[in-house]
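Chemist: My structure is below; once you've seen it, I'll send some questions.
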Amino acid sequence: MVMANPKRTVLFTVVLICSCFRPTDGDGKRRISLPEIIISEERGVDNAIFRRRSVRQFVKDPLTIEQISTLFWAAGGATVDGVTGATRAYPSAGGLYPLHFYVVVSGVEGLDNDVYKYDWKNHSVMSKNLGDRMGAVKEVTYSNSFLKQDVSAVFVITADYSITTERYSRRGEKRYVPMEAGASSQNLALKAEALGLGCYVIGAFEDWALSSALDLDKEETPLLILPVGNAR
Ligand SMILES: Cc1cc2nc3c(=O)[nH]c(=O)nc-3n(C[C@H](O)[C@H](O)[C@H](O)COP(=O)(O)O)c2cc1C
């Protein structure tokens, strides 16, 4: 791992090492540790910002678990701010972090076709044991063009609004949570660009149908869908 600040390196490494020894949860669900994140010394994001465009045409080349790992991390993984210790990749009002992250997998090397929930604390994913839900996800997104294509991975960002509204009420609901989803999804989109992958954001879908397809907890509201793949 390459990082400029040695203190940060130590703390970040501790966060990741802790992750390796977490026990597997019950219910037959599988916990899969994700590959380690390599922090590039290069700090510039200009290239990714300049080149990012919504990509809606994909080829069916499989993605890898390393790519999924990096994209989860960019969206909502652990970072180090050098003052308070471990924080997260997206800014959050009051440091409350109301967002949850999923990936719907249909052709990723190293992951069975299933729906996985990201656990940022130990940089792992938990399978939901739903099998391949890509068809169901496509059905809920109206007429988006990726419906007709073979897509290997679709990320979904959800929010538990109550985490933020308990402290910030209506302002939290109307402003903070959607702002945070925007920041997080942009992180993911820029990382996809930096990895040479295509990605775009979908906001048009049936909330209840997506919740049902992913078997989401009732506290969670799905906010954004992000198909990711090799651009055609
Ligand atoms: C909140 C949000 C919701 C979006 N929903 C959709 C969508 O449902 N379908 C779609 O094709 N694109 C969707 N987009 C992508 C926009 O159409 C796209 O970002 C815009 O045309 C600008 O193009 P660019 O991303 O290439 O810069 C959405 C973008 C955002 C930020």
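Chemist: Whether any residue in segment 137-152 is outside any loop (DSSP other than H, G, I, E, B), more than 16 Å from the ligand (Cβ to nearest atom) and in contact with a strand residue (DSSP E or B) (Cβ under 8 Å, 6 or more places away or on another chain) is what I want to check.
Modeler: Step one: filter segment 137-152 for residues outside any loop (DSSP other than H, G, I, E, B), giving 137-139, 145-148.
Of the ones still in play, those that are also more than 16 Å from the ligand (Cβ to nearest atom) are none.
No, every residue in segment 137-152 fails to be outside any loop (DSSP other than H, G, I, E, B), more than 16 Å from the ligand (Cβ to nearest atom) and in contact with a strand residue (DSSP E or B) (Cβ under 8 Å, 6 or more places away or on another chain).
Chemist: Here's something else I'd like to know. Consider only pairs whose beta carbons are under 8 Å apart and that are at least six residues apart or on different chains; among these, list those whose first residue lies in segment 73-88 and is at pLDDT below 95 and whose second residue is of a type in the set (Lys, Arg).
Modeler: Ala78/Arg88; Ala78/Lys121; Thr79/Arg88; Val80/Arg8; Gly82/Lys7; Gly82/Arg8
Chemist: Take Arg171 and tell me if it is free of Cβ contacts under 8 Å to residues at least 24 places away in the same chain, at negative phi and either surrounded by fewer than 22 Cβ atoms within 10 Å (Cβ to Cβ) or not hydroxyl-bearing (Ser, Thr, Tyr) (or both).
Modeler: It is true that Arg171 is free of Cβ contacts under 8 Å to residues at least 24 places away in the same chain, at negative phi and either surrounded by fewer than 22 Cβ atoms within 10 Å (Cβ to Cβ) or not hydroxyl-bearing (Ser, Thr, Tyr) (or both).
Chemist: Is at least one residue of segment 143-157 at pLDDT below 95, surrounded by fewer than 15 Cβ atoms within 10 Å (Cβ to Cβ) and closer than 19 Å to Ala189 by Cβ?
Modeler: Yes; the residues of segment 143-157 include at least one that is at pLDDT below 95, surrounded by fewer than 15 Cβ atoms within 10 Å (Cβ to Cβ) and closer than 19 Å to Ala189 by Cβ.
Chemist: Filter segment 37-55 down to the residues that are at pLDDT 90 or above and in a loop (DSSP other than H, G, I, E, B) and list them by number.
Modeler: Listed by number, the residues that qualify are Arg52, Arg53, Ser54, Val55.
Chemist: Mind listing whichever residues of segment 179-231 are more than 19 Å from Ala74 (Cβ to Cβ), within 11 Å of the ligand (Cβ to nearest atom) and surrounded by fewer than 18 Cβ atoms within 10 Å (Cβ to Cβ)? Walk me through how you get there before you give the answer.
Modeler: Step one: list which residues in segment 179-231 are more than 19 Å from Ala74 (Cβ to Cβ), which gives 203-222.
Restricting the remaining residues to those that are within 11 Å of the ligand (Cβ to nearest atom) gives 203-205.
Across segment 179-231, the qualifying residues are Gly203, Ala204.
Chemist: From the list Lys121, Lys128, which one is more than 16 Å from the ligand (Cβ to nearest atom), basic (Lys, Arg) and modelled with pLDDT under 95? Walk me through it before giving the result.
Modeler: Values: Lys128 fails: modelled with pLDDT under 95.
Just a single option satisfies the conditions, and that option is Lys121.
Chemist: Answer yes or no as to whether Arg175 is more than 19 Å from Gly135 (Cα to Cα), within 16 Å of the ligand (Cβ to nearest atom) and over 17 Å from the mean Cα position of the chain (by Cα). Give the steps one after another, and end with the answer.
Modeler: Working: more than 19 Å from Gly135 (Cα to Cα): yes; within 16 Å of the ligand (Cβ to nearest atom): yes; over 17 Å from the mean Cα position of the chain (by Cα): yes.
When the stated conditions are applied, Arg175 passes them.
The values are calculated or read from the model by the stated rules, or taken from the named source; none is laboratory data. Quick caveat: nothing in here was measured; it's all calculated off a predicted structure. When we count neighbours, we look across all protein chains shown, and the Cβ atoms used for this are built from the backbone with ideal geometry, even at glycine.
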